[in-house]
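Engineer: For reference, the structure I am asking about is given below.
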Amino acid sequence: MKRKERMSVMWNLWHGCAKVSEGCANCYMYRADAKFGRDSRDVHKTQSYHLPVRRRRNGSYVIPSGTTVYTCFTSDFFIEEADPWREEAWAMMRTRSDLNFFMITKRVERIAACLPADWGSAYDHVTIGCTVESQAQAEKRLPLYNLLPLRCKTLICEPLLSPIDLAPYLTGEVEMVVVGGESGEEARSCHFDWVMEIRAACIACDVSFVFKQTGANFVKGGKHYRIPRKLQQSQARKAAIDYRADSEL
């Protein structure tokens, strides 16, 4: 029986970011802003800032209970320029404890100092994932990430730019690894062998694994494939290599 899909919305409460590592080189947000002549380095609050607590005329919330809220995907929630706004953002998340907030970051070194005073062992309804696009970034970020008091630790290997040995970092607290290639005209290659190596590590440690997308420049069996954006996710699903950990059964 198929699992019921949860409703989801995007909450980009602030926009703009600074590139911090090789995974940022072909950032989709920079590409989108360039089409309109916008400076992607300008970090500013958006019109969606108060989205989780907005109400309809009848008093009900615009975002219904149980919705997954993908948070800050046109910036980084922990970017320094957003420090003056973050406490209010946490307050909105506390108010909407009936939602499931999901965010990812490359700024792992800033998380501990940016958590709210009442965070404790974690907010049960907030997931903070860590992006690791290469072996170098895994070695830099994951020792810090694995020490943090976080719910449902999730690793995002996207865009996957090199082989990564995740085995040393798949502690009992890491519940899921998501892998994907890079999109866009200048996309760097993603090798299927790299994907399968990460999958093998996940299975060995009983950590759920999701192959999200191939990326635009995919290498499998020694052959290069140029895959249109609209087919990148469906081609990944056709590989049928996702793994669901026993703990999720």
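Rundown of residues vs (1) surrounded by fewer than 16 Cβ atoms within 10 Å (Cβ to Cβ); (2) without any contact (Cβ under 8 Å) to a residue 60 or more places away in the chain; (3) in a helix (DSSP H, G or I); (4) within 16 Å of the chain's Cα centre (by Cα), yes/no style:
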position	(1), (2), (3), (4)
Arg6	yes, no, no, no
Ser40	no, yes, no, no
Ile63	no, yes, no, no
Gly66	yes, no, no, no
Asp83	yes, yes, yes, no
Glu87	yes, yes, yes, no
Arg94	yes, yes, yes, no
Phe102	no, yes, no, yes
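Residues checked against (1) open to solvent by 50 Å² or more (accessible area, probe 1.4 Å); (2) of a type outside the set (A, V, I, L, M, F, W, C); (3) in contact with a strand residue (DSSP E or B) (Cβ under 8 Å, 6 or more places away or on another chain):
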| site | (1), (2), (3) |
| --- | --- |
| Ala136 | yes, no, no |
| Leu147 | yes, no, no |
| Lys153 | no, yes, yes |
| Gly221 | yes, yes, no |
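Engineer: Could you please find all residues in segment 121-135 being among the aliphatic types (A, V, I, L, M) and over 17 Å from the mean Cα position of the chain (by Cα)?
Structural biologist: Matches in segment 121-135: Ala122 only.
Engineer: Only one of Arg199, Arg188 is farther than 22 Å from Met103 by Cβ, in contact with a Phe, Trp or Tyr (Cβ under 6 Å, 6 or more places away or on another chain), crowded, with 19+ Cβ neighbours inside 10 Å and among the charged types (D, E, K, R). Can you tell me which?
Structural biologist: Arg199
Engineer: Taking interchain pairs and intrachain pairs at least six residues apart, which have beta carbon atoms under 9 angstrom, with the first residue in segment 105-125 and outside any loop (DSSP other than H, G, I, E, B) and the second acidic (Asp, Glu)?
Structural biologist: Every condition considered, the pairs that remain are Thr105/Asp76; Arg110/Asp76; Arg110/Glu80; Cys114/Asp83.
The values are calculated or read from the model by the stated rules, or taken from the named source; none is laboratory data. Keep in mind that what you see is a predicted model, and the values were worked out from it rather than measured. Glycine gets a Cβ as well: all are built from the backbone with ideal geometry, and neighbour counts include every protein chain shown. Just the protein is used for accessible areas: all its heavy atoms, side chains included, with ligands, DNA and RNA removed. Shrake-Rupley method; radii C 1.70, N 1.55, O 1.52, S 1.80 Å.
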